[in-house]
Amino acid sequence: MTAAGRGSLDETDLRHLRRCVELAREGLEDGDEPFGSILVDGQGEVRFEDRNRVKDGDETRHPELEIARWSASHLTADERAAATVYTSGEHCPMCAAAHGWMGLGRIVYALSSAQLGEWRAGWGLPASPVAALPITDVAPEVRVHGPVSPYDDRVRELHRRLVERRTGLA
Ligand SMILES: [Zn+2]
């Protein structure tokens, strides 16, 4: 938990994070990587949800990128700014950039990219091909909350299962 973490989150935020963990689990169980994300509008309504879909070879099919693209044709600029994107894992630089370009609002993530990178190294995996930059290094104006325990540990367990499936090492 960082100072920017759970302190400013309420039970509604945590419920949305739990949904992201569920979506991440769905992805894992369907042969994809365990990442799940939702967009909640300024009225508190869940408008879009998705999870990782890279198993067929398109490595850019991250749910956070799908959300940014969806928002282009379904929300006005004001609605985008008022929306919150919840996600199981912190946006990668590609998705953080898409979020920033679209002028979307706050991001709440369970697990940070730094945490995931450390764990992956500990599991003996090669570094990701894309740097694990904090969201605000890419999109400095975005308000960001995370990591959020205990959901970071729950997502970690999903990633551990992914490694186990792929390598049998974890
Ligand atoms: Zn991404």
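The values are calculated or read from the model by the stated rules, or taken from the named source; none is laboratory data. None of these values were measured; they are calculated from a predicted model. Cβ: placed from backbone, ideal geometry, glycine included. Neighbour counts: every protein chain shown. The area values use the complete protein model at the heavy-atom level, side chains included, leaving out ligands, DNA and RNA. Shrake-Rupley method; radii C 1.70, N 1.55, O 1.52, S 1.80 Å.
Values for this structure:
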quantity	calculated
Odd one out for residue 42, checked against (1) surrounded by fewer than 19 Cβ atoms within 10 Å (Cβ to Cβ); (2) in a strand (DSSP E or B)	(2)
Enumeration of residues in the stretch 93-114 that are within 11 Å of the chain's Cα centre (by Cα) and near the ligand (Cβ under 9 Å from one of its atoms)	95, 96
Residue 66 vs. criteria surrounded by fewer than 15 Cβ atoms within 10 Å (Cβ to Cβ), of a type in the set (D, E, K, R) and either in a loop (DSSP other than H, G, I, E, B) or within 12 Å of the ligand (Cβ to nearest atom) (or both)	no
Sole exception among (1) charged (D, E, K, R); (2) within 16 Å of the ligand (Cβ to nearest atom); (3) crowded, with 18+ Cβ neighbours inside 10 Å for residue 137, by number	(3)
Failed item, numbered, when residue 75 is tested on (1) open to solvent by less than 20 Å² (accessible area, probe 1.4 Å); (2) closer than 22 Å to residue 21 by Cα; (3) of a type outside the set (S, T, N, Q); (4) more than 10 Å from the ligand (Cβ to nearest atom)	(2)
